[in-house]
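Undergrad: The following block contains the structure, expressed as structure tokens.
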Amino acid sequence: MAAPTPHLAVRGSDGTFLLRGPPSCQESSAFQKDERQGRYIAFSSDGSLFGWCNGSQVSVIKVSTGDLVKSFDLPKTTALEFSPLNRVLATWQQYTKLFKRCLLCFAIYAVFCCVETIANKLHLQKVSEFALSPGSQPSKVAVYVPGSKGAPSFVRLYQYPNFGGPTSALANKSFFKADKVAMLWNKKATAVLVTASTEVDKTGASYYGEQTLHYVATNGESAVVQLPKNGPIYDVSWNPNSSEFCVVYGFMPAKATVFNHKCESVFDFGTGPRNAAFYSPQGHILVLAGFGNLRGQMEVWDVKKYKQVSKPQAEDTTHFSWCPDGEHIVTSTCSPRLRVSNGYKIWHYTGTVLYKHDTPSNKELWEVLWQPFPTGAFPEKPVKYQASPSELGSTEAKPAQAYRPPALRNKPQTASSKLHEEEPPQNMKPGAAGEKQMSKAALKNQKKREAKKAAKQETKPDEAPPPVADSAPASHVTSSCGDPETDKKIKNLKKKLKAIDELKEQQAAGKVMQKNQLEKMQKEAQLLKELEELELGL
């Protein structure tokens, strides 16, 4: 049986229409374009129904045939949504004295009035945020209660209808430094990621406040996700397999890291101009992107091999979404976020543009929306590395050029003149090849330490330095050149290097480093060079 073709709903100032997705990428013949300005569009959860409002009516059609299911005279409707089982549609319009009923519910083939009653209630004071789990029954809910008067904030997980109190909670995680939170369930509803934010960073390290990430699972386990670079958390994304998640974080250039359900680092993508992460619906491909105030660079990665597939660029992008087939994506520039250069592109993940639409300068594009499909409608396919053929070609991202002062532009670039220290991707799984993944600076320092160690081992007994008392620590053993000033400098350098080694061990153990500690660690290469020069002069 051939795979279905997803549709893309397009809404703008020139109307609403459906576009048949790849490979055809042409306007659907089953749906006649509504040229009135579209106010809102929505698909049912299984994608079989499509609804839209145009300022005059709310209409629902079958996507496969274009047949009209129902039309309602609701001219002021500004939002609509289908129920999870696709039998009920809710429409909303602003409250007015002439129209006091703002919520209308109807079955697909029979209109009825809906009266709600309270089925169960969670008795918990001061709940300011909650998040319902996705998927089927039994439903779970995560609730957040902010701390007050020195008490910590906390997040608790409950399973409906067991709302008996704190003892009935599936899990509880308390923490300080939280003015607000964002809670994200995984697809299987087994765990929640909680991004806690403060409006002000009291340490003064960040103008944008302080953020921490917490993991809370329905089996009672919880942990703080250790992020090895200071700075804001831009995005958190669960893999659809629910066993791992990706975090984009840190001052620019930002880091991106994949963690498993134990909050252990699986793969570090290094640093780059990025602020968002998007997993494919099948979970086999990950796109890291830099949108908004960045230049739209995308990195497409094969998640199973952790190998980069392509690096396209889509400037001025305000919206990104995966097609349900896991093969294509759409990027768009929409109003009111950007009122110029509106339009959208359909891409293959290998970086080629398959379809492009530029909205006329006197018109605006407001929204594009993929038709959803039930899970399993599109099985995972092997990842391709060769670009798909297209007449529109690709837009490969050009290497970013860091700013250099005019006085340095005609001179060779040195390590000290680099604006940022770039970090390459690194496989964090045990047993991964370490030397190839290490940075050049780390490799250089490692080789120096190994050479020193080998030189000491080859030293003959009669050339060895005089023994010291057993009570003296090994770190206090220093060679002497007879110059007290030089000996003092060597001793101080070794003391600083020892402190850096201790900081590196703490970082490897998962401790979050402070800004001044990171600055100390960055001076290791310089200190080693100074020590080498002093010792060679002995």
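The values are calculated or read from the model by the stated rules, or taken from the named source; none is laboratory data. Note that the structure is predicted; figures quoted are calculated from it, not measured. Cβ atoms come from the backbone with ideal geometry, glycine included; neighbour counts cover every protein chain shown.
Undergrad: One residue is enough: does the stretch 169-176 have a residue meeting the conditions more than 25 Å from residue 227 (Cβ to Cβ) and without any contact (Cβ under 8 Å) to a residue 60 or more places away in the chain?
TA: Yes, the stretch 169-176 contains a residue that is more than 25 Å from residue 227 (Cβ to Cβ) and without any contact (Cβ under 8 Å) to a residue 60 or more places away in the chain.
Undergrad: Quick one: residue 278 ticks every box in (1) crowded, with 19+ Cβ neighbours inside 10 Å; (2) under 11 Å from the mean Cα position of the chain (by Cα); (3) touching a residue at least 40 places away in the same chain (Cβ under 8 Å) except a single one, so which number is it?
TA: Condition not satisfied by residue 278: (1).
Undergrad: Mind listing whichever residues of the stretch 11-29 are acidic (Asp, Glu) and either buried (at least 16 other Cβ atoms within 10 Å of the Cβ) or outside any strand (DSSP E or B) (or both)?
TA: 14
Undergrad: Here's a follow-up. Give the residue that is farthest from the chain's Cα centre (by Cα), with candidates limited to residues of the stretch 30-62 that are farther than 25 Å from residue 5 by Cβ and not in a loop (DSSP other than H, G, I, E, B).
TA: Among those residues, the one meeting the criterion is 58.
Undergrad: Would you mind finding the one in 8, 49 that is touching a residue at least 60 places away in the same chain (Cβ under 8 Å), out of contact with any His (no Cβ under 6 Å at 6 or more places or on another chain) and either hydrophobic (A, V, I, L, M, F, W, C) or surrounded by 15 or more Cβ atoms within 10 Å (Cβ to Cβ) (or both)?
TA: One residue alone meets the criteria, 8.
Conditions tested, residue by residue: (1) under 19 Å from the mean Cα position of the chain (by Cα); (2) outside any loop (DSSP other than H, G, I, E, B); (3) hydroxyl-bearing (Ser, Thr, Tyr); (4) surrounded by fewer than 14 Cβ atoms within 10 Å (Cβ to Cβ).
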| site | (1), (2), (3), (4) |
| --- | --- |
| 149 | no, no, no, yes |
| 156 | no, yes, no, no |
| 164 | no, no, no, yes |
| 167 | no, yes, yes, yes |
| 172 | no, yes, no, yes |
| 178 | no, no, no, no |
| 183 | yes, yes, no, no |
| 188 | yes, no, no, no |
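Undergrad: Would you pick out the residues in the stretch 481-531 that are touching a residue at least 40 places away in the same chain (Cβ under 8 Å) and assigned to a loop (DSSP other than H, G, I, E, B)?
TA: Of everything in the stretch 481-531, those that are touching a residue at least 40 places away in the same chain (Cβ under 8 Å) and assigned to a loop (DSSP other than H, G, I, E, B) turn out to be 481, 510, 511, 512, 513, 514.
Undergrad: Can you pull out every residue in the stretch 359-380 that is without any contact (Cβ under 8 Å) to a residue 60 or more places away in the chain and either of a type in the set (Lys, Arg) or within 25 Å of residue 51 (Cα to Cα) (or both)?
TA: 375, 376
Undergrad: A further question on this structure: Determine whether residue 287 is modelled with pLDDT of 95 or more and either outside any loop (DSSP other than H, G, I, E, B) or β-branched (Val, Ile, Thr) (or both).
TA: Yes; evaluated as a whole, the condition is true for this residue.
Undergrad: So which of 68, 89 ends up being over 28 Å from residue 343 (Cα atoms) and exposed (fewer than 14 other Cβ atoms within 10 Å of the Cβ)?
TA: Answer to the selection: 68.
Undergrad: Can I ask one more? With respect to residue 295, is the statement that it is under 18 Å from the mean Cα position of the chain (by Cα), at pLDDT below 95 and under 30 Å from residue 511 (Cβ atoms) true?
TA: The answer is no for residue 295.
Undergrad: Find the residue count for the stretch 125-142, including only residues that are under 17 Å from residue 182 (Cα atoms), surrounded by 12 or more Cβ atoms within 10 Å (Cβ to Cβ) and of a type in the set (Ser, Thr, Tyr).
TA: 1
Undergrad: For the stretch 233-249, check the following and say yes or no: at least one residue is of a type in the set (A, V, I, L, M) and either closer than 28 Å to residue 46 by Cβ or more than 15 Å from the chain's Cα centre (by Cα) (or both).
TA: yes
Undergrad: Please state which of the following conditions residue 358 fails to meet, knowing it meets all the rest: (1) over 25 Å from residue 281 (Cα atoms); (2) charged (D, E, K, R); (3) at pLDDT below 75.
TA: For residue 358, the exception is condition (3).
Undergrad: Can you work out which of the residues in the stretch 509-524 that are surrounded by 14 or more Cβ atoms within 10 Å (Cβ to Cβ) and among the aliphatic types (A, V, I, L, M) is nearest to the chain's Cα centre (by Cα)?
TA: 512
Undergrad: Hey, another quick one. Scan the stretch 251-261 and give yes if some residue there is surrounded by fewer than 19 Cβ atoms within 10 Å (Cβ to Cβ) and part of a strand (DSSP E or B), otherwise no.
TA: Within the stretch 251-261, one or more residues are surrounded by fewer than 19 Cβ atoms within 10 Å (Cβ to Cβ) and part of a strand (DSSP E or B).
Undergrad: Would you pick out the residues in the stretch 129-138 that are touching a residue at least 40 places away in the same chain (Cβ under 8 Å) and in a loop (DSSP other than H, G, I, E, B)?
TA: Within the stretch 129-138, 133, 134, 135 meet the criteria.
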